[in-house]
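In what follows, a single structure is set out as structure tokens and then discussed.
The values are calculated or read from the model by the stated rules, or taken from the named source; none is laboratory data. Everything numeric here is computed off the predicted structure, so don't read it as measured data. Glycine also receives a Cβ, built like all others from the backbone with ideal geometry; neighbour counts cover every protein chain displayed. For accessibility, only protein heavy atoms count, side chains too; no ligands or nucleic acids. Shrake-Rupley method; radii C 1.70, N 1.55, O 1.52, S 1.80 Å.
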Amino acid sequence: MLSYTLKRLLQGVITVWFIATATFFAMHQVPGDPLTTDKAVPEDIRKNLEEKYGLDKPLFEQYTIFLSNITRGDFGISFTQKNRRVNDIIREQFPVSATLGILAIIFAALGGILWGALTALYRNKLPDIVIMFLVILGISVPSFVMAALGQMGLVSLNDTLGFSVLPVAGWGTVQHMLVPSLVLGLGTMAYLTRLMRSSMLEIVNADYVRTAKAKGLPASRIFTKHQLRNAVLPVITVLGPAIAAITTGGFVVESIFAIPGLGRFFVQAVQQLDYTVIMGTTVFYGAFLVFMVILVDLLYGFIDPRVRIS
Amino acid sequence: MSESTFSADDFKPLPKGAAAEVITRPSMSYWQDAWRRLKENRRAIISLWIIIGLLAFTLIGPYLWTVDHAKQNVDKISERPFTSTEAVLTTPLQPWDIGNRGTPSDPLALAEPATTQTARLVWQAMPGASAYRIYRNIFPYEPGAGLGLPLGETLLPKDTYFEDRLDLQAKTYYYSVVGLDSQLRETAQVVTLEVPVTRVITLTEATERGLLSQASDGKLGEKIHLGTHPFGTDYLGRDLLARLMEGARVSLFIGIVAPFLFVLVGVAYGSIAGFLGGASDQVLMRFADFVVALPFLLFMILFKIAFGIGPGESGVMPMLLALVLLSWPSTARLVRGQILQIREEGYINAAQLLGANTSYLVLRHMIPNTLGVILVTLTFAVPSAIFTEAFLSFIGMGVAPPTPSWGSMCNEGIKTMLTSPHELIFPALFISVTVLAFNLLGDGLRDALDSRMRSRE
């Protein structure tokens, strides 16, 4: 187990290095640089600036400097934002994105497991048909449309009731978080519902379930102890990639609901070609996702003893 | 057959060549069988028709609905679907003969009926007012509430007229005139008038827009129909139906061509890795793992910018390239797994014994046997490619503005979503229906083609 964990971690580190390298060279491939602005900068000043930021060095040397900085955990200073270190940007904005993402994952996982189990138990009956219809709808509607509709619904709800039930946009309190995270989680919830349904259907009539019934266990106990526990395993496997999808997909929801998350900074940084912020956010996100997937895999081995052996 | 009905004829030898038994069901190839199963799936067939319909919509549609998608129509901004608008034919704007305006019998009146060209106000002089300020509002006058947009001030007490030509729309305005004292401060003297504005169009403009074939065809004062927009217009007054047709080209092009290309790359890569095996397989698949680990959307944005677009280009090709570069590994993994499985099958050994070489084995046995799985992957890749395009266009990183795509139309529609929701709803509906159709078709194909992945319904 320990050697497996170490091997996975090493692979993770190499993957993050690959991500950093790919981003670095892709970014420097873009014409222009962060010093190019609307205002013409005199040649001498430009030279000084380039020297100061190390942009005059050959690309490969810049790359090695960048790598050595990154191993010390220093992402540098933003080119476009006044006096802000990239580490500070990440430290301040990431918790917002992470809170939104975690809430969305919780919504998605709980909803997906519950609805999936329900549809399997009421297979081909009304609850199954209604839920599966909603699931197909949830898979087919893009997240930004969901977000827009969610906000539109909230506006008209507040309008008809005459007072503000939930805030329409912004960030800060729990009320602010509810609708955006629900909207963000819906797509994943639909996907997990489908997965849970098929894994539950495999299990509904398994031998051990029949044995449990024969022993005279109440249906609720069979459901929680025997069916749910076994059916939930495949859902946990896809949670790693699902976290990846939700955290990166967050910036549409962030922009529609005016949430000060990290995603917005990335889009802005790319438009302004703010080298340090692009590198910082990409490497940080990449590392976060890679280690999230590793964590979920390890967790899976912990939950399912059959996997631990192999 | 009962036991007593044999006759001597039954024991005659059959003529040579005749079949001893007739097989009642013709033998079916894998694809015929899959097609038969797919046809039984009603949802998949309906989806297939929807997809064909969408293709016809974008390929044939522009020939039937010949409205130019880029043409702006400034009197029809954000118009609701199927609104019928008419305009009165008129002459070009005539200068106002102010000297002959006379004195109105009402405190505030129109010198002539207001049109979208001009609204000409005259009023009775107010006692003690040394100048006047004119306001325009879209809400009725209420004491204490604001008067609306200040249009201008007259300079002299005798100037009791004003001509408003500022962006007049065909709706009702409420004009207010406030008397000003000698220090140009507002006094309590206010008169208000409700002014309905009629839409007019000049003969030359009607001819230019193709509403009249010749200027002489129209009579002044006659009402002319301005043309309907079945899906309404957008915030710049462009026909939404034409834009949806044009936008479908980008969305469906990316949605269908990108998956096709990256599946092709993935098949080539995966089959090479699977067939080579050993160390080269390890290296190739590790590289694929790295590409999978790249944060997808961040890299889509980065690559799209890195490939760059020149002026006047729509940016579809960089997006296509970025999508292919980032999406191939999942297919490669799948195909490699399939190839590894098939390699152990008996018929591969048999073919090898018969002297088949590697390329023959791969092209003739391995790829055809994975084709079912590949086709299913392809169908499921279409919705995600459409989503990616829509997402990128939505955050403004997709196609460059004059070119419409469903995603960028959603992005534009969301700004006016509370006042004219149709601008968001139609493109969103098209994206959703397309994605839904491909998802259901994918489900159907999976059930029909791949017995192992068949969903248990």
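The table that follows gives values for the structure above.
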read-out	value
Peptide B:286-293, shielding by other chains (average Cβ, 10 Å cutoff)	5
For region B:94-150, the Rg and Dmax computed from alpha carbons only, in angstrom	13.1, 37
Tensor-based shape of chain B (alpha-carbon gyration tensor, a/c under 1.5 rounded, otherwise prolate or oblate)	prolate
Heavy-atom accessible area per residue - chain B, 1.4 Å, Å²	52
Percent accessible area from carbon and sulfur atoms, region B:283-398, protein chains only, probe 1.4 Å	63
Accessible area in the full protein assembly, largest first, 1.4 Å probe, for A:L114, B:L340	A:L114, B:L340
Probe 1.4 Å, protein heavy atoms only - accessible area per residue of chain A in square angstrom	51
Distance (nanometres) between label positions extended 7 Å along Cα→Cβ at B:E345 and A:A169	5.6
Calculated FRET value between A:Q11 and B:K71, using beta carbons and R₀ = 56 Å, to 0.05	0.50
Heavy-atom accessible area ranking, 1.4 Å probe, most first, across B:E163, A:E43	A:E43, B:E163
Protein accessible area in chain A, 1.4 Å probe - carbon and sulfur %	66
For residues of A:141-151, the mean tally of beta carbons on other chains within 10 Å	6
Per-pair calculated FRET efficiency, R0 = 60 Å: B:S105 and A:N87 via Cβ, rounded to 0.05	0.20
Built amide H within the under 5 Å cut-off of B:T228, gap 5+	none
Shielding by other protein chains, B:348-358, mean Cβ within 10 Å	0
Region B:98-201, dipole about Cα centre (Lys/Arg Cβ +1, Asp/Glu Cβ -1), debye to the nearest 20	160
Distribution of pairwise C-alpha distances over region B:98-201, 10 Å bins, in %	16, 50, 30, 4, 0
Packing rank of B:245-254, A:153-162, where each peptide gets the mean count of other beta carbons within 10 Å, highest leading	B:245-254, A:153-162
For region A:137-202 versus region A:271-290, the gap between their alpha-carbon centres in whole angstrom	28
Full-stretch length increase - A:S3, A:A258 - with 0.36 nm per residue and alpha-carbon distance subtracted	87.4 nm
Difference of contour (0.36 nm per residue) and Cα-Cα distance, B:L264 to B:K12	84.8 nm
For A:G76, distant residues with modelled amide H under 5 Å away	A:V86, A:N87
Helix runs (DSSP H) in chain B reaching 27 Å along axis by Cα, Kyte-Doolittle at least -0.5	B:240-276, B:316-343, B:367-394, B:422-449
Overall form of the protein assembly as shown per C-alpha gyration tensor (a/c, 1.5; a/b vs b/c)	prolate
Buried area at the A-B interface (accessible, heavy atoms, 1.4 Å probe, summed, Å²)	3500
Helical contribution to [θ] at 222 nm, DSSP H n ≥ 4, -39,500 (n - 2.57), averaged over chain A, rounded to 500	-25000 deg cm²/dmol
Calculated [θ] (222 nm, deg cm²/dmol) that DSSP helices of n ≥ 4 give over chain B, each run adding -39,500 (n - 2.57)	-15000 deg cm²/dmol
Built amide H within the under 5 Å cut-off of B:A131, gap 5+	B:L180
Counting all C-alpha pairs of region B:395-437, share separated by more than 16 Å (%)	37
Proximal charge balance of A:D56 [Cβ under 14 Å; K/R count +1, D/E count -1]	-2
Selected from A:L166, B:S130, B:T116, residue furthest toward positive end of dipole (the protein assembly as shown; charges at beta carbon)	A:L166
Taking all pairs of distinct alpha-carbon atoms in region B:352-440, Kirkwood radius in angstrom	15.7
Protection proxy ranking, peptides B:372-380, B:59-67, average beta carbon neighbours within 10 Å, highest first	B:372-380, B:59-67
Ranked order, B:S405, A:S198 - accessible area, probe 1.4 Å, largest first	A:S198, B:S405
Between region B:313-360 and region B:109-176, the alpha-carbon center distance in angstrom	74
Computed lengthening from B:A56 to B:E208, 0.36 nm per intervening residue step minus Cα-Cα distance	51.7 nm
Per-residue ³J(HN,Hα) for region A:284-295, Karplus 6.51 cos²θ - 1.76 cosθ + 1.60, θ = phi - 60°, Hz, x for Gly and Pro	5, 4, x, 4, 4, 5, 4, 6, 5, 5, 4, 4
Prolate/oblate/rounded call for region A:86-309, Cα gyration tensor, a/c under 1.5 rounded	oblate
In sequence order, calculated HN-Hα J values of region A:178-188 (Karplus, 6.51, -1.76, 1.60; Hz; x Gly/Pro)	4, 5, x, 6, 4, 4, 5, x, 4, x, 5
Highest average packing first - A:285-292, B:154-161, Cβ atoms within 10 Å	A:285-292, B:154-161
